[in-house]
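Have a look at the structure below, then the notes.
Every number here is computed from the coordinates shown, using simple stated rules; none is lab data. Bear in mind that the values here come from a model prediction, so they are computed numbers and not experimental data.
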Amino acid sequence: AHSISMCPNLAQQQQMLQVLMEAKPAGVEPILHSDMGWQYQHETYIRTLADNGFVQSMSRKGNCIDNGATEQVFGHLKDEFFRGQDWQTFESFKADLDAYITHWNTVRRQVKLRGLTPVEYRDQALQEAV
């Protein structure tokens, strides 16, 4: 799940969590990793995760290795999506970014995921866990 806004805010995080909670299969306790941004340390965010069966994982301060996988995804995003682009409105940027994220998750196959898309890889892992 993701949520896009002009600036980070708690409402944005709650919107993302709502989408995530609705998509979470029953009986699983996913790990949700983030950096140490203020919104991820907020009591409401932490309580929402705990109340809905999520395990919170947060990178250690000043330790970029904790975020290696996430930073790699953002590197691809910068190279493939942002480079050479100029959006005239926030709405057009948001629509294009939503489309890119959907493509990344459901179409773009990845060698590190054994040739699967992220959604296929997740679904396979969930099947094996049952």
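So how far, in whole Å, is the C-alpha centre of segment 73-122 from the one of segment 1-66?
20 Å
Can you tell me the relative contact order of the chain? Whole percent, Cα pairs under 8 Å, sequence separation 6 or more.
Here the relative contact order equals 15 percent.
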